[in-house]
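Read through the structure below, which is laid out as structure tokens, and then see the notes.
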Amino acid sequence: MTAIESRPPASMPLLRTACIVGVSVIGFFLPRLLGGTSAAYSTLTTIAIFAVMCYGVDVVLSYLGEVSLGHTLFWSIGGYTAANLSVKYGLNGWDTALATIALCVAAAAFLGAVTLRTREFVFSLVTYAAAVVAYEVAFNWDAIGGSDGIVGIAALKLPFVVTTFSGATEDELWPVAFVLLLLTLAFISRFRRSRLGTTALMVQMNPALAASLGVNPRRIRLAVFIISAPITGLAGWLYAYQRAYVGPDMFESYFLVMMLTAVVLVGRRVLIGPLIGAALLIAQQNLLSLGGDWNKIVLGSVLALVLIFWPAGLVGLYRRLSKNKP
Amino acid sequence: MNIAQQIVNGIVLGSGYACIALGWTILLGVARLVNFAHGQLYMLGAFVTWYAVTRVGLPYPLAILAAMLVLAALGLLIQLAMMRLVMSQNLTSLMIVTLGLGYVLQGGSALIFGGNPETLPGTLSRARVELGPLWFTWQDVLVLIATLALYGAVWLFTQRTRFGSVIRAVAEDPKLAELFGINARVVYLLVFIFECCAVALGAALVAPRSPILTSMGFNEVIMTFVVVVLGGIGSIGGALAAGLGLGLFTAFFGAYVAQAYTTAAAFALLLALLVIRPAGLATK
């Protein structure tokens, strides 16, 4: 329960690959299986985008065990980069995505380096404050949109070899969101087995062992933070094309609470946990909405109650229940 | 001449920052706990005061008392719910839980008080004092005096009384303190309730200066962070000095550089300090 899930034995790599391919194909056709309506496409696209957004926080929270409250900043960097570069300079999707990655890495490196020598909760404080300050700057700086934001972002265009991929409608945007989600999942799964991922986990689980092996926990924190930023940033990048609008509302604490809740709801250190968490939460808000203020109460309560009563999330709850069975 | 007025404005702003940050400073300094719902508690304190004055018709001092009682009761419930996390010193989970609870408070307050900006009516905040070319309001005087008195009282209480040393013992090592017959749960409970009361008082005193909104908690809290970290994380004298210093800084920055970017400038100040002195100004 404390370590990562034990990996399936390597003796059946073919079966495992077949399973992954099968699930991916089913996932790709899921909107059509759900009726192929534009509501199905838009809800699933939103789930995919939000899940990718949550994976950025997941990397920091699950594997490093620290809390970044500044990922709305990277989310907004993605959105604002896509909006500004495509509206003002007519750049295509690849260029805006690359710019998003570069800017997110730069911002994360700066924040991480400044807080390198501070205690953990100062790191959380500074990341939280950074998001608030960035909101004020975005709200007041008319050159990047100001309080009105930027409206009328053109459809996403991704030139690919000979053809140009365009994402004008929700059903055209779905493949992009789905591929982004798959790439993110592949990246996280790779990260969990990487040297950095296992070291981060060691720092979290056994700081004494990490110290005795000469690991500097603060450098690990910096590296993991920098890796996590572009993930959330790329989600914001696609969100800007989906909504065709960005504004200071991208900094709202809703997104921050959403990211944290999606990660803790199913359970930390579960690969598909944030995806399921995001899907459950978006489904509640889109299909069983109780109105904006009640949705806030639901989302905040889920976050607080899960951590207070079942810190290991739904997975932990399931394990406890199945263990109690005779 | 304008400089003198900016110094007055700075002290006015700074005493407000210090007043709101007092609860957090105590919570962090003597109990080593964090509370990311602080901004929403501030918002709630302001709205309960507003409700008591405009809807119930209580006089201002009684409305302050009502706000403190409501927040004390709320603080009791929150802390009881979080007790297991508090006793295990699980800061990571505490940060996230309080953030979630803050979000619940924001949604709940919007349901109860509505989404419109409101203004706390205060006779004191409209009573201007003019000293030659300088001006301020009686509310500002009240905030400054209350802040200085509160900080003095809290400093005396934590440094000079037996209960103060009990709290510090619990902060150092809750398990060891329990061996010496101290009930750490009760101490944590009291400190958290004190934080809620202090932020309610701060809100009731400071909020009449500007319109209040149920969504303001997220942004209001940043100055508290800056004060607490600048002041050296939990140092009472440091927080007071940092609050006043930050007030002067924002007053001058707002007047001479750019009003819209004062929060950003305060944050830049914080970042610069974290690089030079990661543990804050008050440490040796």
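Quick note: the coordinates plus some simple rules give every number you see, no bench work behind them. What you see is a predicted model; the values in this text were computed from it and never measured. Quick reminder, even Gly has a Cβ in these numbers, built from the backbone with ideal geometry, and neighbours come from all protein chains shown.
Listing for the model above:
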| read-out | value |
| --- | --- |
| Neighbour-count order for A:Ser68, B:Ser210, A:Ser212, fewest beta carbons within 10 angstrom listed first | A:Ser212, B:Ser210, A:Ser68 |
| Peptide A:292-303, shielding by other chains (average Cβ, 10 Å cutoff) | 6 |
| 9 Å beta-carbon shell around B:His38, net charge (K/R +1, D/E -1) | -2 |
| Local electrostatic count, B:Ala127, Cβ distance below 14 Å [Lys/Arg +1, Asp/Glu -1] | +1 |
| Sorted by Cβ density within 10 Å, fewest first, the residues A:Lys323, A:Lys157, A:Lys88 | A:Lys323, A:Lys88, A:Lys157 |
| Gyration tensor over alpha-carbon atoms, the protein assembly as shown, equivalent ellipsoid semi-axes in Å | 42, 29, 23 |
| Net charge over other residues, Cβ less than 11 angstrom from the Cβ of B:Pro174 (K, R count +1; D, E count -1) | 0 |
| Computed [θ] at 222 nm, deg cm²/dmol, chain B (DSSP H ≥ 4; -39,500 (n - 2.57); rounded to nearest 500) | -25000 deg cm²/dmol |
| Net length gained if the chain between A:Ser194 and A:Ser322 were fully extended (0.36 nm per residue, minus Cα distance) | 42.9 nm |
| Cα-based equivalent ellipsoid of the stretch B:167-249: semi-axis lengths in Å, sorted from largest, via gyration tensor | 30, 17, 10 |
| Tilt relative to chain B, helix B:91-113 - C-alpha long axis, 0 to 90 degrees, to 10 | 50 degrees |
| Theoretical ellipticity at 222 nm over chain A - DSSP helices of four or more residues, -39500 (n - 2.57) apiece, nearest 500 | -23500 deg cm²/dmol |
| Calculated SAXS-style log₁₀ I(q)/I(0) at q = 0.11, 0.15, 0.17, 0.18 Å⁻¹ - the stretch A:39-250, Debye, Cα scatterers | -0.54, -0.93, -1.13, -1.22 |
| Charge dipole of the stretch A:226-326 about the Cα centre (unit charges at C-beta), most positive-ward option of A:Gly277, A:Ile226, A:Met259 | A:Gly277 |
| Along each principal axis, Cα extent of the stretch B:20-216, largest first, Å | 58, 40, 27 |
| Cα lying deepest toward the dipole's positive end in chain B, options B:Leu44, B:Leu85, B:Phe253, charges on Cβ | B:Leu85 |
| Order of A:Asp249, B:Asp173, A:Asp293, B:Asp140 under a 10 Å beta carbon neighbour criterion, fewest first | B:Asp173, A:Asp249, A:Asp293, B:Asp140 |
| Stokes-Einstein D in µm²/s, Kirkwood radius over Cα pairs - the stretch A:1-137 at 37 °C with 0.692 mPa s viscosity | 180 µm²/s |
| Loop chymotrypsin sites (Phe, Trp or Tyr not before Pro), the stretch B:121-189 (other Cβ atoms within 10 Å of the site Cβ: 12 or fewer; DSSP) | B:Phe180 |
| Shape of the stretch B:1-126, Cα gyration tensor, a/c cut at 1.5 | oblate |
